[in-house]
1. Of the residues B:VAL172, B:VAL164, which single one is assigned by TED's automatic domain parsing to the domain that holds B:VAL110 and away from ligand 2 (no atom under 12 Å from the Cβ)?
2. Name the residues in the stretch A:148-166 that are small (Gly, Ala, Ser) and over 18 Å from the mean Cα position of the chain (by Cα), would you?
3. Considering only residues of the stretch B:103-121 that are away from chain A (no Cβ under 12 Å) and aliphatic (A, V, I, L, M), which is surrounded by the most Cβ atoms within 10 Å (Cβ to Cβ)?
4. Identify, from the list A:PRO136, A:PRO100, A:PRO131, the residue that is within 10 Å of ligand 2 (Cβ to nearest atom) and either modelled with pLDDT of 95 or more or in contact with a Leu (Cβ under 8 Å, 6 or more places away or on another chain) (or both).
5. Select from the stretch B:52-89 the residues that are touching a strand residue (DSSP E or B) at 6+ places or on another chain (Cβ under 7 Å) and over 20 Å from B:LYS108 (Cβ atoms) and list them in ascending order.
6. Just to check your reading of the model, which residue among B:GLN78, B:GLN45 is without any contact (Cβ under 8 Å) to a residue 24 or more places away in the chain and closer than 21 Å to A:SER198 by Cα?
7. Among the residues of the stretch A:167-186, what is the count of those that are in contact (Cβ under 8 Å) with a residue 24 or more places away in the chain and either at positive phi or of a type in the set (Val, Ile, Thr) (or both)?
8. Of all residues in the stretch B:128-151, count the ones that are touching a residue at least 24 places away in the same chain (Cβ under 8 Å) and closer than 26 Å to A:PRO100 by Cβ.
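The values are calculated or read from the model by the stated rules, or taken from the named source; none is laboratory data. All of these numbers come straight from a predicted model, not from anything done at the bench. Cβ placement follows ideal geometry from the backbone for every residue including glycine, while neighbour counts extend to all protein chains displayed.
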Number of protein chains: 2
Amino acid sequence: MKNIPRKTVDRALIYIRTLDHLIKEKRYLVSSKDLALITGISDVQIRKDISNFGKVGTPRIGYKTAELNKTLKDFVLQENVVHVALFGVGHLGTAMLRYPGFNEDNIKLVAAFEKDKSKIGKKINGVRVYPVEMAPKIIKRTHADLGIVAVPASHSQEVADIMVLSGLKGIVNFAPASISVPKSVLVKDIDFTIELLSLFCNSQR
Amino acid sequence: MKNIPRKTVDRALIYIRTLDHLIKEKRYLVSSKDLALITGISDVQIRKDISNFGKVGTPRIGYKTAELNKTLKDFVLQENVVHVALFGVGHLGTAMLRYPGFNEDNIKLVAAFEKDKSKIGKKINGVRVYPVEMAPKIIKRTHADLGIVAVPASHSQEVADIMVLSGLKGIVNFAPASISVPKSVLVKDIDFTIELLSLFCNSQR
DNA sequence: GTCTAATCGTGAAATTTAGAACGATTGAGA
DNA sequence: TCTCAATCGTTCTAAATTTCACGATTAGAC
Ligand SMILES: NC(=O)c1ccc[n+]([C@@H]2O[C@H](COP(=O)([O-])OP(=O)(O)OC[C@H]3O[C@@H](n4cnc5c(N)ncnc54)[C@H](O)[C@@H]3O)[C@@H](O)[C@H]2O)c1
Ligand SMILES: NC(=O)c1ccc[n+]([C@@H]2O[C@H](COP(=O)([O-])OP(=O)(O)OC[C@H]3O[C@@H](n4cnc5c(N)ncnc54)[C@H](O)[C@@H]3O)[C@@H](O)[C@H]2O)c1
(Lines give C-alpha, C1' and ligand atoms only; values in the text may rest on other atoms or scores of the structure.)
(Ligands and ions follow the chains in the order given, each with its own letter.)
Protein backbone atom coordinates (compact mmCIF):
# COMPACT_ATOMS: atom_id res chain seq x y z
CA MET A 1 0.00 0.00 0.00
CA LYS A 2 1.26 3.38 -1.06
CA ASN A 3 2.17 5.87 1.58
CA ILE A 4 -0.53 8.48 1.38
CA PRO A 5 0.21 11.97 2.77
CA ARG A 6 -1.58 12.72 5.99
CA LYS A 7 -3.25 15.82 4.64
CA THR A 8 -4.49 13.94 1.63
CA VAL A 9 -6.26 11.50 3.93
CA ASP A 10 -7.93 14.36 5.73
CA ARG A 11 -9.10 15.91 2.49
CA ALA A 12 -10.27 12.53 1.26
CA LEU A 13 -12.73 12.56 4.14
CA ILE A 14 -14.04 15.88 2.89
CA TYR A 15 -14.41 14.47 -0.60
CA ILE A 16 -16.28 11.49 0.80
CA ARG A 17 -18.61 13.77 2.74
CA THR A 18 -19.24 15.81 -0.39
CA LEU A 19 -19.75 12.76 -2.59
CA ASP A 20 -22.19 11.24 -0.11
CA HIS A 21 -24.19 14.41 -0.47
CA LEU A 22 -24.01 14.51 -4.26
CA ILE A 23 -25.01 10.87 -4.50
CA LYS A 24 -28.01 11.53 -2.31
CA GLU A 25 -28.99 14.20 -4.85
CA LYS A 26 -28.71 11.59 -7.62
CA ARG A 27 -25.73 13.25 -9.20
CA TYR A 28 -23.72 10.69 -11.20
CA LEU A 29 -20.77 12.68 -12.43
CA VAL A 30 -18.57 15.35 -10.95
CA SER A 31 -15.40 17.02 -12.19
CA SER A 32 -12.48 18.14 -10.09
CA LYS A 33 -13.55 21.68 -10.91
CA ASP A 34 -17.05 21.05 -9.55
CA LEU A 35 -15.61 19.59 -6.37
CA ALA A 36 -13.31 22.58 -6.10
CA LEU A 37 -16.27 24.94 -6.25
CA ILE A 38 -18.12 23.03 -3.57
CA THR A 39 -15.27 22.38 -1.18
CA GLY A 40 -13.08 25.42 -1.69
CA ILE A 41 -10.07 23.16 -2.30
CA SER A 42 -8.24 23.78 -5.57
CA ASP A 43 -9.03 21.51 -8.51
CA VAL A 44 -5.36 20.60 -8.97
CA GLN A 45 -5.09 19.64 -5.34
CA ILE A 46 -8.16 17.48 -5.67
CA ARG A 47 -6.88 15.68 -8.76
CA LYS A 48 -3.52 15.11 -7.17
CA ASP A 49 -5.10 13.78 -3.99
CA ILE A 50 -7.35 11.45 -5.93
CA SER A 51 -4.49 10.23 -8.09
CA ASN A 52 -3.00 8.75 -4.94
CA PHE A 53 -5.81 6.25 -4.93
CA GLY A 54 -5.51 5.22 -8.56
CA LYS A 55 -6.81 6.38 -11.91
CA VAL A 56 -10.52 6.53 -11.53
CA GLY A 57 -11.45 9.61 -13.52
CA THR A 58 -12.31 9.97 -17.17
CA PRO A 59 -10.87 12.90 -19.12
CA ARG A 60 -13.46 15.18 -20.58
CA ILE A 61 -16.07 13.75 -18.19
CA GLY A 62 -14.78 13.78 -14.65
CA TYR A 63 -15.43 11.23 -11.95
CA LYS A 64 -18.36 8.94 -11.36
CA THR A 65 -19.57 9.96 -7.93
CA ALA A 66 -20.36 6.45 -6.71
CA GLU A 67 -17.15 4.96 -8.03
CA LEU A 68 -14.95 7.70 -6.61
CA ASN A 69 -16.72 7.49 -3.30
CA LYS A 70 -16.16 3.77 -3.11
CA THR A 71 -12.50 4.10 -4.08
CA LEU A 72 -11.87 6.69 -1.40
CA LYS A 73 -13.77 4.80 1.27
CA ASP A 74 -11.97 1.57 0.46
CA PHE A 75 -8.66 3.26 0.94
CA VAL A 76 -9.22 5.39 4.01
CA LEU A 77 -12.07 3.81 5.92
CA GLN A 78 -12.22 0.21 4.73
CA GLU A 79 -15.83 -0.19 5.87
CA ASN A 80 -14.80 0.03 9.48
CA VAL A 81 -17.13 1.20 12.18
CA VAL A 82 -15.24 3.47 14.55
CA HIS A 83 -16.03 2.81 18.20
CA VAL A 84 -15.70 5.81 20.45
CA ALA A 85 -15.72 6.24 24.22
CA LEU A 86 -16.79 9.57 25.69
CA PHE A 87 -15.40 10.98 28.90
CA GLY A 88 -17.46 13.74 30.46
CA VAL A 89 -21.21 13.99 30.03
CA GLY A 90 -21.54 17.74 30.46
CA HIS A 91 -22.81 20.26 27.96
CA LEU A 92 -20.50 19.25 25.17
CA GLY A 93 -20.56 15.54 25.89
CA THR A 94 -24.33 15.51 25.96
CA ALA A 95 -24.47 17.40 22.67
CA MET A 96 -22.37 14.68 21.10
CA LEU A 97 -24.40 11.87 22.62
CA ARG A 98 -27.53 13.42 21.20
CA TYR A 99 -26.08 14.03 17.76
CA PRO A 100 -27.76 11.69 15.29
CA GLY A 101 -25.24 12.22 12.49
CA PHE A 102 -22.46 9.97 13.76
CA ASN A 103 -24.28 6.75 12.95
CA GLU A 104 -24.58 7.68 9.30
CA ASP A 105 -20.84 7.99 9.10
CA ASN A 106 -19.95 4.70 10.76
CA ILE A 107 -19.10 6.29 14.07
CA LYS A 108 -20.55 4.63 17.13
CA LEU A 109 -20.41 6.06 20.62
CA VAL A 110 -20.15 2.88 22.63
CA ALA A 111 -19.94 4.20 26.18
CA ALA A 112 -19.77 7.34 28.27
CA PHE A 113 -17.89 7.84 31.53
CA GLU A 114 -18.63 10.30 34.30
CA LYS A 115 -17.57 11.33 37.74
CA ASP A 116 -20.85 12.91 38.75
CA LYS A 117 -22.88 10.14 40.44
CA SER A 118 -26.19 11.72 39.46
CA LYS A 119 -25.40 11.05 35.79
CA ILE A 120 -24.06 7.54 36.17
CA GLY A 121 -26.39 4.73 35.18
CA LYS A 122 -28.45 6.85 32.82
CA LYS A 123 -28.76 6.06 29.17
CA ILE A 124 -28.57 8.93 26.70
CA ASN A 125 -29.63 8.16 23.18
CA GLY A 126 -28.93 4.49 23.87
CA VAL A 127 -25.48 5.03 25.34
CA ARG A 128 -24.97 4.12 28.97
CA VAL A 129 -23.06 6.35 31.38
CA TYR A 130 -20.57 4.48 33.56
CA PRO A 131 -18.34 5.52 36.44
CA VAL A 132 -14.82 6.34 35.26
CA GLU A 133 -13.33 3.44 37.19
CA MET A 134 -15.09 1.00 34.91
CA ALA A 135 -13.53 2.51 31.81
CA PRO A 136 -10.73 -0.03 31.22
CA LYS A 137 -13.12 -2.94 31.45
CA ILE A 138 -15.91 -1.40 29.38
CA ILE A 139 -13.54 -0.07 26.75
CA LYS A 140 -12.09 -3.49 26.21
CA ARG A 141 -15.48 -5.12 26.15
CA THR A 142 -16.87 -2.64 23.61
CA HIS A 143 -13.72 -2.57 21.48
CA ALA A 144 -13.53 1.19 21.54
CA ASP A 145 -10.86 2.60 19.27
CA LEU A 146 -10.93 6.28 20.17
CA GLY A 147 -11.77 8.46 23.14
CA ILE A 148 -13.14 11.95 23.57
CA VAL A 149 -12.03 14.21 26.42
CA ALA A 150 -14.98 16.40 27.37
CA VAL A 151 -14.13 16.96 31.03
CA PRO A 152 -12.76 20.19 32.54
CA ALA A 153 -9.10 20.89 31.83
CA SER A 154 -8.29 20.26 35.48
CA HIS A 155 -9.15 16.59 34.97
CA SER A 156 -8.11 16.10 31.38
CA GLN A 157 -4.73 14.51 32.09
CA GLU A 158 -6.31 12.18 34.60
CA VAL A 159 -8.84 10.83 32.10
CA ALA A 160 -6.24 10.79 29.32
CA ASP A 161 -4.14 8.46 31.46
CA ILE A 162 -7.09 6.14 31.89
CA MET A 163 -7.72 6.21 28.16
CA VAL A 164 -4.16 5.21 27.43
CA LEU A 165 -4.28 2.45 30.02
CA SER A 166 -7.49 1.19 28.47
CA GLY A 167 -5.80 0.82 25.11
CA LEU A 168 -7.41 3.59 23.11
CA LYS A 169 -5.36 4.52 20.06
CA GLY A 170 -6.52 8.09 19.54
CA ILE A 171 -7.98 10.92 21.58
CA VAL A 172 -9.98 13.98 20.65
CA ASN A 173 -9.31 16.52 23.35
CA PHE A 174 -11.75 19.38 23.86
CA ALA A 175 -10.21 20.55 27.11
CA PRO A 176 -8.13 23.73 26.87
CA ALA A 177 -4.98 22.06 28.16
CA SER A 178 -2.39 19.86 26.50
CA ILE A 179 -2.36 16.23 27.54
CA SER A 180 0.69 13.97 27.65
CA VAL A 181 0.39 10.52 26.15
CA PRO A 182 2.80 7.98 24.68
CA LYS A 183 3.57 8.81 21.10
CA SER A 184 1.80 5.69 19.92
CA VAL A 185 -1.45 7.40 20.90
CA LEU A 186 -2.59 10.18 18.60
CA VAL A 187 -4.17 13.32 19.99
CA LYS A 188 -6.27 15.85 18.17
CA ASP A 189 -6.85 19.00 20.18
CA ILE A 190 -10.00 20.97 19.46
CA ASP A 191 -9.97 24.10 21.57
CA PHE A 192 -12.86 26.36 20.58
CA THR A 193 -11.17 29.31 22.25
CA ILE A 194 -8.01 28.89 20.23
CA GLU A 195 -9.95 28.36 17.04
CA LEU A 196 -11.82 31.61 17.53
CA LEU A 197 -8.75 33.58 18.53
CA SER A 198 -6.75 32.14 15.64
CA LEU A 199 -9.47 33.10 13.21
CA PHE A 200 -9.54 36.58 14.67
CA CYS A 201 -5.77 37.01 14.46
CA ASN A 202 -5.66 35.82 10.89
CA SER A 203 -8.59 37.99 9.85
CA GLN A 204 -6.72 41.01 11.21
CA ARG A 205 -4.10 40.89 8.44
CA MET B 1 5.49 44.40 11.42
CA LYS B 2 7.25 41.18 10.62
CA ASN B 3 5.38 38.56 8.68
CA ILE B 4 4.76 35.81 11.18
CA PRO B 5 4.00 32.30 9.88
CA ARG B 6 0.41 31.28 10.29
CA LYS B 7 1.26 28.15 12.25
CA THR B 8 3.45 30.14 14.57
CA VAL B 9 0.48 32.34 15.42
CA ASP B 10 -1.61 29.27 16.21
CA ARG B 11 1.08 27.85 18.42
CA ALA B 12 1.52 31.22 20.11
CA LEU B 13 -2.07 30.87 21.29
CA ILE B 14 -1.15 27.54 22.85
CA TYR B 15 1.84 29.16 24.57
CA ILE B 16 -0.41 31.91 25.87
CA ARG B 17 -2.90 29.37 27.20
CA THR B 18 -0.08 27.49 28.90
CA LEU B 19 1.50 30.61 30.32
CA ASP B 20 -1.83 31.83 31.69
CA HIS B 21 -1.98 28.56 33.54
CA LEU B 22 1.59 28.71 34.82
CA ILE B 23 1.13 32.29 35.97
CA LYS B 24 -1.96 31.29 37.88
CA GLU B 25 0.22 28.74 39.66
CA LYS B 26 2.66 31.52 40.56
CA ARG B 27 5.39 30.17 38.35
CA TYR B 28 7.77 32.97 37.35
CA LEU B 29 10.20 31.25 35.02
CA VAL B 30 9.89 28.64 32.35
CA SER B 31 12.36 27.25 29.83
CA SER B 32 11.61 26.18 26.28
CA LYS B 33 12.24 22.65 27.46
CA ASP B 34 9.62 22.96 30.19
CA LEU B 35 7.13 24.32 27.71
CA ALA B 36 7.97 21.46 25.37
CA LEU B 37 7.17 18.93 28.07
CA ILE B 38 3.84 20.56 28.81
CA THR B 39 2.67 21.24 25.29
CA GLY B 40 4.22 18.39 23.36
CA ILE B 41 5.72 20.87 20.90
CA SER B 42 9.50 20.54 20.47
CA ASP B 43 11.72 22.95 22.38
CA VAL B 44 13.44 24.05 19.18
CA GLN B 45 10.13 24.85 17.58
CA ILE B 46 9.12 26.83 20.63
CA ARG B 47 12.30 28.91 20.69
CA LYS B 48 12.04 29.54 16.98
CA ASP B 49 8.42 30.61 17.31
CA ILE B 50 9.20 32.92 20.20
CA SER B 51 12.17 34.45 18.44
CA ASN B 52 9.70 35.82 15.89
CA PHE B 53 8.41 38.11 18.59
CA GLY B 54 11.79 39.42 19.75
CA LYS B 55 14.45 38.39 22.20
CA VAL B 56 12.69 37.93 25.49
CA GLY B 57 14.48 34.93 26.95
CA THR B 58 17.54 34.75 29.14
CA PRO B 59 20.12 32.05 28.47
CA ARG B 60 20.66 29.71 31.36
CA ILE B 61 17.35 30.84 32.87
CA GLY B 62 14.58 30.66 30.33
CA TYR B 63 11.64 33.00 29.97
CA LYS B 64 9.81 35.04 32.54
CA THR B 65 6.26 33.75 32.30
CA ALA B 66 4.56 37.11 32.68
CA GLU B 67 6.88 38.88 30.28
CA LEU B 68 6.64 36.21 27.61
CA ASN B 69 2.90 36.10 27.98
CA LYS B 70 2.64 39.83 27.52
CA THR B 71 4.94 39.81 24.51
CA LEU B 72 2.92 37.11 22.80
CA LYS B 73 -0.41 38.72 23.60
CA ASP B 74 0.76 42.10 22.37
CA PHE B 75 1.70 40.59 19.05
CA VAL B 76 -1.18 38.27 18.34
CA LEU B 77 -4.12 39.57 20.34
CA GLN B 78 -3.35 43.19 21.06
CA GLU B 79 -5.71 43.28 24.04
CA ASN B 80 -8.71 42.94 21.78
CA VAL B 81 -11.96 41.45 22.93
CA VAL B 82 -13.31 39.21 20.19
CA HIS B 83 -17.03 39.63 19.62
CA VAL B 84 -18.78 36.54 18.34
CA ALA B 85 -22.26 35.92 16.96
CA LEU B 86 -23.77 32.46 17.24
CA PHE B 87 -26.16 30.98 14.69
CA GLY B 88 -28.16 28.02 15.89
CA VAL B 89 -29.09 27.51 19.52
CA GLY B 90 -29.33 23.71 19.47
CA HIS B 91 -27.29 21.24 21.46
CA LEU B 92 -23.94 22.56 20.39
CA GLY B 93 -24.89 26.22 20.35
CA THR B 94 -26.33 25.96 23.84
CA ALA B 95 -23.19 24.25 25.10
CA MET B 96 -21.17 27.18 23.85
CA LEU B 97 -23.53 29.75 25.32
CA ARG B 98 -23.24 28.06 28.68
CA TYR B 99 -19.46 27.72 28.55
CA PRO B 100 -17.96 30.07 31.13
CA GLY B 101 -14.41 29.87 29.80
CA PHE B 102 -14.74 32.25 26.87
CA ASN B 103 -14.89 35.36 29.01
CA GLU B 104 -11.53 34.62 30.59
CA ASP B 105 -9.96 34.59 27.16
CA ASN B 106 -11.41 37.82 25.89
CA ILE B 107 -14.07 36.15 23.81
CA LYS B 108 -17.55 37.53 24.13
CA LEU B 109 -20.63 35.93 22.64
CA VAL B 110 -22.65 39.02 21.82
CA ALA B 111 -25.77 37.56 20.25
CA ALA B 112 -27.43 34.34 19.17
CA PHE B 113 -29.73 33.80 16.21
CA GLU B 114 -32.38 31.17 15.75
CA LYS B 115 -35.11 30.04 13.44
CA ASP B 116 -37.16 28.18 16.03
CA LYS B 117 -39.64 30.69 17.43
CA SER B 118 -39.82 28.94 20.80
CA LYS B 119 -36.19 29.84 21.44
CA ILE B 120 -36.30 33.41 20.23
CA GLY B 121 -36.43 36.08 22.90
CA LYS B 122 -34.85 33.96 25.58
CA LYS B 123 -31.62 34.89 27.25
CA ILE B 124 -29.05 32.18 27.83
CA ASN B 125 -26.22 33.06 30.14
CA GLY B 126 -26.86 36.70 29.43
CA VAL B 127 -26.95 36.36 25.66
CA ARG B 128 -30.20 37.13 23.89
CA VAL B 129 -31.56 34.92 21.13
CA TYR B 130 -32.84 36.86 18.11
CA PRO B 131 -34.62 35.83 14.92
CA VAL B 132 -32.17 35.33 12.06
CA GLU B 133 -33.62 38.23 10.10
CA MET B 134 -32.34 40.64 12.69
CA ALA B 135 -28.76 39.42 12.31
CA PRO B 136 -27.39 42.17 10.05
CA LYS B 137 -28.68 44.88 12.33
CA ILE B 138 -27.67 43.27 15.62
CA ILE B 139 -24.27 42.23 14.32
CA LYS B 140 -23.50 45.76 13.32
CA ARG B 141 -24.79 47.16 16.57
CA THR B 142 -22.77 44.72 18.67
CA HIS B 143 -19.65 45.00 16.52
CA ALA B 144 -19.36 41.25 16.14
CA ASP B 145 -16.15 40.14 14.44
CA LEU B 146 -16.75 36.44 14.00
CA GLY B 147 -19.65 34.05 13.58
CA ILE B 148 -20.31 30.46 14.52
CA VAL B 149 -22.37 28.15 12.33
CA ALA B 150 -24.19 25.70 14.59
CA VAL B 151 -27.22 25.02 12.44
CA PRO B 152 -27.89 21.84 10.45
CA ALA B 153 -25.84 21.43 7.28
CA SER B 154 -28.97 21.95 5.20
CA HIS B 155 -29.09 25.56 6.38
CA SER B 156 -25.41 26.31 6.75
CA GLN B 157 -24.93 28.09 3.44
CA GLU B 158 -28.01 30.18 4.09
CA VAL B 159 -26.72 31.46 7.42
CA ALA B 160 -23.19 31.83 6.04
CA ASP B 161 -24.58 34.21 3.42
CA ILE B 162 -26.24 36.27 6.12
CA MET B 163 -23.00 36.35 8.08
CA VAL B 164 -21.09 37.64 5.10
CA LEU B 165 -23.75 40.24 4.37
CA SER B 166 -23.56 41.34 7.98
CA GLY B 167 -19.87 42.01 7.67
CA LEU B 168 -18.40 39.22 9.77
CA LYS B 169 -14.75 38.59 8.96
CA GLY B 170 -14.42 34.99 10.05
CA ILE B 171 -16.65 31.96 10.51
CA VAL B 172 -16.27 28.82 12.57
CA ASN B 173 -18.36 26.20 10.82
CA PHE B 174 -19.51 23.15 12.76
CA ALA B 175 -21.87 21.93 10.07
CA PRO B 176 -20.67 18.94 8.06
CA ALA B 177 -20.80 20.77 4.75
CA SER B 178 -18.48 23.24 3.09
CA ILE B 179 -19.71 26.80 2.84
CA SER B 180 -18.87 29.27 0.09
CA VAL B 181 -17.85 32.74 1.09
CA PRO B 182 -15.80 35.54 -0.47
CA LYS B 183 -12.12 34.94 0.10
CA SER B 184 -11.92 37.99 2.33
CA VAL B 185 -13.88 35.99 4.88
CA LEU B 186 -11.96 33.24 6.64
CA VAL B 187 -13.60 29.94 7.44
CA LYS B 188 -12.49 27.35 9.94
CA ASP B 189 -14.32 24.06 9.59
CA ILE B 190 -14.68 21.91 12.67
CA ASP B 191 -16.38 18.69 11.71
CA PHE B 192 -16.36 16.27 14.64
CA THR B 193 -17.09 13.39 12.31
CA ILE B 194 -14.09 14.13 10.15
CA GLU B 195 -11.87 14.67 13.16
CA LEU B 196 -12.78 11.28 14.54
CA LEU B 197 -12.45 9.48 11.22
CA SER B 198 -9.14 11.20 10.53
CA LEU B 199 -7.79 10.16 13.88
CA PHE B 200 -8.94 6.62 13.24
CA CYS B 201 -7.33 6.48 9.80
CA ASN B 202 -4.07 7.83 11.06
CA SER B 203 -4.01 5.52 14.06
CA GLN B 204 -4.40 2.56 11.71
CA ARG B 205 -0.91 2.95 10.23
C1' DG C 1 -13.04 9.39 -39.11
C1' DT C 2 -11.13 13.70 -37.54
C1' DC C 3 -11.00 17.56 -34.80
C1' DT C 4 -11.59 19.87 -30.52
C1' DA C 5 -12.42 21.33 -26.08
C1' DA C 6 -12.60 19.69 -21.56
C1' DT C 7 -10.63 17.14 -18.19
C1' DC C 8 -7.47 13.98 -15.97
C1' DG C 9 -2.85 12.75 -14.20
C1' DT C 10 1.97 13.76 -13.33
C1' DG C 11 6.64 15.48 -12.93
C1' DA C 12 9.05 19.63 -11.70
C1' DA C 13 9.28 24.06 -9.32
C1' DA C 14 8.06 26.85 -5.48
C1' DT C 15 6.63 27.50 -1.00
C1' DT C 16 5.93 26.46 3.59
C1' DT C 17 7.16 24.10 7.64
C1' DA C 18 9.97 21.46 10.64
C1' DG C 19 14.44 19.88 12.23
C1' DA C 20 19.45 19.86 13.18
C1' DA C 21 23.50 22.06 14.26
C1' DC C 22 25.88 25.37 16.54
C1' DG C 23 27.54 29.71 18.26
C1' DA C 24 26.29 33.20 21.81
C1' DT C 25 24.97 34.41 26.30
C1' DT C 26 24.38 34.10 31.02
C1' DG C 27 24.19 32.85 36.00
C1' DA C 28 26.23 29.78 39.40
C1' DG C 29 29.77 27.92 41.79
C1' DA C 30 34.70 26.59 42.46
C1' DT D 1 37.89 35.65 38.59
C1' DC D 2 37.31 31.74 35.73
C1' DT D 3 35.03 27.75 34.27
C1' DC D 4 31.02 25.30 33.21
C1' DA D 5 26.64 23.88 32.10
C1' DA D 6 22.21 25.33 30.70
C1' DT D 7 19.60 27.78 27.62
C1' DC D 8 18.54 31.07 24.01
C1' DG D 9 18.47 32.46 19.14
C1' DT D 10 19.99 31.94 14.43
C1' DT D 11 21.46 29.80 10.27
C1' DC D 12 21.51 26.14 7.44
C1' DT D 13 19.43 21.74 5.90
C1' DA D 14 15.73 18.66 5.05
C1' DA D 15 11.06 17.28 4.60
C1' DA D 16 6.39 18.01 3.51
C1' DT D 17 3.00 20.31 0.95
C1' DT D 18 1.16 23.12 -2.58
C1' DT D 19 1.26 25.19 -7.01
C1' DC D 20 2.46 25.27 -11.75
C1' DA D 21 2.94 23.64 -16.34
C1' DC D 22 1.87 20.52 -19.61
C1' DG D 23 1.22 16.17 -21.89
C1' DA D 24 -2.29 12.43 -22.30
C1' DT D 25 -6.83 11.05 -22.90
C1' DT D 26 -11.43 11.00 -24.17
C1' DA D 27 -16.41 12.08 -25.50
C1' DG D 28 -18.84 14.49 -28.61
C1' DA D 29 -19.54 17.58 -32.66
C1' DC D 30 -19.18 17.79 -37.41
N1 LIG E 1 -18.96 23.90 26.06
C2 LIG E 1 -18.17 24.58 25.26
O3 LIG E 1 -18.63 25.27 24.39
C4 LIG E 1 -16.69 24.52 25.41
C5 LIG E 1 -15.91 25.49 24.78
C6 LIG E 1 -14.52 25.43 24.90
C7 LIG E 1 -13.96 24.40 25.62
N8 LIG E 1 -14.73 23.47 26.22
C9 LIG E 1 -14.08 22.42 26.99
O10 LIG E 1 -14.68 21.17 26.76
C11 LIG E 1 -14.72 20.42 27.97
C12 LIG E 1 -16.14 20.06 28.28
O13 LIG E 1 -16.91 21.23 28.30
P14 LIG E 1 -18.40 21.23 28.87
O15 LIG E 1 -18.99 22.53 28.55
O16 LIG E 1 -19.11 20.01 28.44
O17 LIG E 1 -18.12 21.15 30.44
P18 LIG E 1 -19.16 20.74 31.58
O19 LIG E 1 -18.66 21.32 32.83
O20 LIG E 1 -20.53 21.02 31.13
O21 LIG E 1 -19.02 19.16 31.66
C22 LIG E 1 -17.90 18.51 32.18
C23 LIG E 1 -18.36 17.14 32.66
O24 LIG E 1 -17.23 16.36 33.00
C25 LIG E 1 -17.52 15.66 34.21
N26 LIG E 1 -16.25 15.33 34.84
C27 LIG E 1 -15.46 16.10 35.61
N28 LIG E 1 -14.36 15.45 36.00
C29 LIG E 1 -14.47 14.21 35.47
C30 LIG E 1 -13.63 13.07 35.51
N31 LIG E 1 -12.48 13.07 36.15
N32 LIG E 1 -14.04 11.97 34.85
C33 LIG E 1 -15.21 11.95 34.19
N34 LIG E 1 -16.03 13.02 34.11
C35 LIG E 1 -15.65 14.13 34.74
C36 LIG E 1 -18.35 16.62 35.01
O37 LIG E 1 -19.11 15.91 35.98
C38 LIG E 1 -19.22 17.22 33.93
O39 LIG E 1 -20.38 16.47 33.71
C40 LIG E 1 -14.09 21.31 29.03
O41 LIG E 1 -12.74 21.00 29.14
C42 LIG E 1 -14.23 22.69 28.46
O43 LIG E 1 -13.21 23.55 28.90
C44 LIG E 1 -16.10 23.51 26.13
N1 LIG F 1 -23.85 18.05 18.40
C2 LIG F 1 -22.77 17.46 17.94
O3 LIG F 1 -22.08 16.76 18.65
C4 LIG F 1 -22.37 17.61 16.51
C5 LIG F 1 -21.45 16.74 15.95
C6 LIG F 1 -21.05 16.90 14.63
C7 LIG F 1 -21.59 17.92 13.89
N8 LIG F 1 -22.48 18.76 14.45
C9 LIG F 1 -23.05 19.81 13.61
O10 LIG F 1 -23.14 21.02 14.32
C11 LIG F 1 -24.32 21.71 13.94
C12 LIG F 1 -25.16 21.95 15.17
O13 LIG F 1 -25.38 20.74 15.83
P14 LIG F 1 -26.45 20.60 17.00
O15 LIG F 1 -26.27 19.27 17.59
O16 LIG F 1 -26.40 21.79 17.86
O17 LIG F 1 -27.81 20.61 16.16
P18 LIG F 1 -29.28 20.90 16.73
O19 LIG F 1 -30.22 20.29 15.77
O20 LIG F 1 -29.35 20.54 18.15
O21 LIG F 1 -29.42 22.49 16.64
C22 LIG F 1 -29.53 23.18 15.45
C23 LIG F 1 -30.26 24.48 15.75
O24 LIG F 1 -30.22 25.33 14.60
C25 LIG F 1 -31.50 25.93 14.47
N26 LIG F 1 -31.66 26.33 13.08
C27 LIG F 1 -32.03 25.57 12.02
N28 LIG F 1 -32.03 26.30 10.89
C29 LIG F 1 -31.67 27.54 11.25
C30 LIG F 1 -31.49 28.74 10.52
N31 LIG F 1 -31.66 28.77 9.20
N32 LIG F 1 -31.10 29.84 11.19
C33 LIG F 1 -30.90 29.79 12.52
N34 LIG F 1 -31.06 28.69 13.27
C35 LIG F 1 -31.43 27.57 12.62
C36 LIG F 1 -32.47 24.88 14.92
O37 LIG F 1 -33.69 25.48 15.29
C38 LIG F 1 -31.72 24.26 16.10
O39 LIG F 1 -32.02 24.94 17.28
C40 LIG F 1 -25.03 20.82 12.93
O41 LIG F 1 -24.68 21.22 11.63
C42 LIG F 1 -24.44 19.46 13.21
O43 LIG F 1 -24.44 18.67 12.03
C44 LIG F 1 -22.89 18.63 15.74
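1. Residue meeting the stated conditions: B:VAL164.
2. Residues satisfying the conditions are A:ALA153, A:SER154, A:SER156, A:SER166.
3. First, pick out the residues of the stretch B:103-121 that are away from chain A (no Cβ under 12 Å): B:110-121.
Now narrow it down to the ones that are aliphatic (A, V, I, L, M): B:110-112, B:120.
On the way: B:VAL110: 19, B:ALA111: 21, B:ALA112: 29, B:ILE120: 17.
Across the stretch B:103-121, the extreme among qualifying residues is B:ALA112.
4. A:PRO100
5. Those that are touching a strand residue (DSSP E or B) at 6+ places or on another chain (Cβ under 7 Å) and over 20 Å from B:LYS108 (Cβ atoms): B:VAL56, B:GLY57, B:ILE61, B:GLY62, B:TYR63, B:LYS64, B:THR65.
6. B:GLN78
7. Selection size over the stretch A:167-186: 4.
8. Residues flagged as touching a residue at least 24 places away in the same chain (Cβ under 8 Å) and closer than 26 Å to A:PRO100 by Cβ within the stretch B:128-151 amount to 7.
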